[in-house]
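Visitor: Starting off with a structure, shown below.
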Amino acid sequence: MDKIFKNSKLVPYYYLGRGAFANLGMLLNAKRKTQGDFVVVVIDHYFSGKHILPEGSIHADDLVIYADTSEEPKTTYIDALTDQVKTKNRMPVAIVGIGGGSTLDVAKAISVMLTNPGKAEQYQGWDLVKHAPVYKIGVPTIAGTGAEFTRTAVLTGKDKKLGINSDYSVFDQVILDADLLETVPKEQFIYTAMDCFVHNCESLLGRINDTMTIALAEKSTQMMKEIFLGEMDLEKLLVASSLGGLAVANSSVGICHPLSYGLSIELGLHHGFAICVAFNQLEEYYPEVATFKKILEKYEIHLPKVVSDDIAEEQLERMAVATMLNEKPLSNAFGDDWENIFTKEKIKSLLRKM
Ligand SMILES: [Fe+2]
């Protein structure tokens, strides 16, 4: 297979450490130049009424949006939130995303849509964004999605789940504070962390990678094994997730993500959970599935079967088609002639097992 070169955009600034979130106000104040300058904070609705924002970081004129993450963000939701921000009749000086992958993706997408015309669905794909976005800060409150470091904002449209993949989706600043991870429920915690584990496997076994990607993904995998098969360490997990995010931002996902998108779009499954259900059936492609199963066993996570045995052929067809829309990850995994190797029939047979 031919080698593909990629010009990698990285997050330029990050804070790391317990208590680092306290720097938010200082970062925002550096952006506020005049009286009318305001900030948009997109925060997971889980934190509604919990007062986690650092003292003094938010001003009276700022717009705080509690993002509904009960389902994966839809393009129509992004359009509605963008319109809400536009009612201020001026651009915010910063957008802050505080939450899991969905919330971070919502913040990324709004920052892009405020400066680009049309609807969010027009930008699902690769490098379709033309105008520089609003400055944005990402603060993950769960580790594993890598959303804090990637160049994608994954959105669900009418019939596709596909990211706004663009250098303009990359955060300008990230804050990694393990104190924010303390309250995540066990299942969600594991599913999301395994998303990172899967990113690493997909990066390492794809053709779009280089020495940097391999180093990042290998180290991230090693740290994940130490954390999940040895002793839990939340700060180390944040770093493993970041390295995994950097690795995948520098390469591409592979077989598992497209299948999980097929599951998510038809069955409304959350990303981390769909990833776990899909990865659990991919032993023939990824040897690390064995490690993954050991981790699930240790944490007493029992994955249910989500695709019913008597699933309608039309629904299975739609899942397979949604999977096959992800040409880039699939060609990363199989090469340009991926369709001849990873056929629709093969995809359906894997989906039936999930
Ligand atoms: Fe993922």
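Visitor: Among the listed residues Ser252, Ser264, which satisfies the condition of being out of contact with any Phe, Trp or Tyr (no Cβ under 6 Å at 6 or more places or on another chain) and either surrounded by fewer than 24 Cβ atoms within 10 Å (Cβ to Cβ) or part of a helix (DSSP H, G or I) (or both)?
Guide: Ser264
Visitor: Can you find a residue that is within 16 Å of the ligand (Cβ to nearest atom), under 16 Å from the mean Cα position of the chain (by Cα) and surrounded by fewer than 19 Cβ atoms within 10 Å (Cβ to Cβ) anywhere in the stretch 235-243?
Guide: no
Visitor: Looking at (1) closer than 20 Å to Lys74 by Cα; (2) in contact with an Asp or Glu (Cβ under 7 Å, 6 or more places away or on another chain); (3) surrounded by 24 or more Cβ atoms within 10 Å (Cβ to Cβ), which is the one condition that is false for Ser166?
Guide: (3)
Visitor: Which residue, of Ala120, Ala193, is closer than 15 Å to Glu72 by Cβ and either without any contact (Cβ under 8 Å) to a residue 12 or more places away in the chain or surrounded by 24 or more Cβ atoms within 10 Å (Cβ to Cβ) (or both)?
Guide: Exactly one residue qualifies, and that residue is Ala120.
Visitor: How many of the residues making up the stretch 84-108 are in a helix (DSSP H, G or I) and under 20 Å from Gly146 (Cβ atoms)?
Guide: Qualifying residue count, the stretch 84-108: 8.
Visitor: State which residue is modelled with the highest pLDDT when the search covers only the stretch 39-70 and only residues that are closer than 16 Å to Val106 by Cα and part of a loop (DSSP other than H, G, I, E, B).
Guide: Residue satisfying both the conditions and the ranking: Asp68.
Visitor: Which of (1) in contact with a Ser or Thr (Cβ under 9 Å, 6 or more places away or on another chain); (2) away from the ligand (no atom under 16 Å from the Cβ); (3) part of a helix (DSSP H, G or I); (4) hydrophobic (A, V, I, L, M, F, W, C) does Leu81 not meet, given it meets every other one?
Guide: Condition (1) is where Leu81 drops out.
Visitor: Identify all residues within the stretch 171-196 that are within 13 Å of the chain's Cα centre (by Cα) and within 16 Å of the ligand (Cβ to nearest atom); write none if there are none.
Guide: Tyr191, Thr192, Ala193, Met194, Asp195, Cys196
Visitor: Taking only the stretch 299-323 into account, find how many residues are in contact with a Leu (Cβ under 7 Å, 6 or more places away or on another chain) and either in contact (Cβ under 8 Å) with a residue 60 or more places away in the chain or not assigned by TED's automatic domain parsing to the domain that holds Met224 (or both).
Guide: 1
Visitor: Another question about this same structure. Listed residues Met212, Met232; which is assigned to a loop (DSSP other than H, G, I, E, B), out of contact with any strand residue (DSSP E or B) (no Cβ under 7 Å at 6 or more places or on another chain) and more than 16 Å from the ligand (Cβ to nearest atom)?
Guide: Every option except Met232 fails the conditions.
The values are calculated or read from the model by the stated rules, or taken from the named source; none is laboratory data. Note that the coordinates shown come from a computational prediction; the quantities given were computed from them, not determined experimentally. Reconstructed Cβ throughout: ideal geometry from the backbone, glycine too, with neighbour counts over all protein chains shown.
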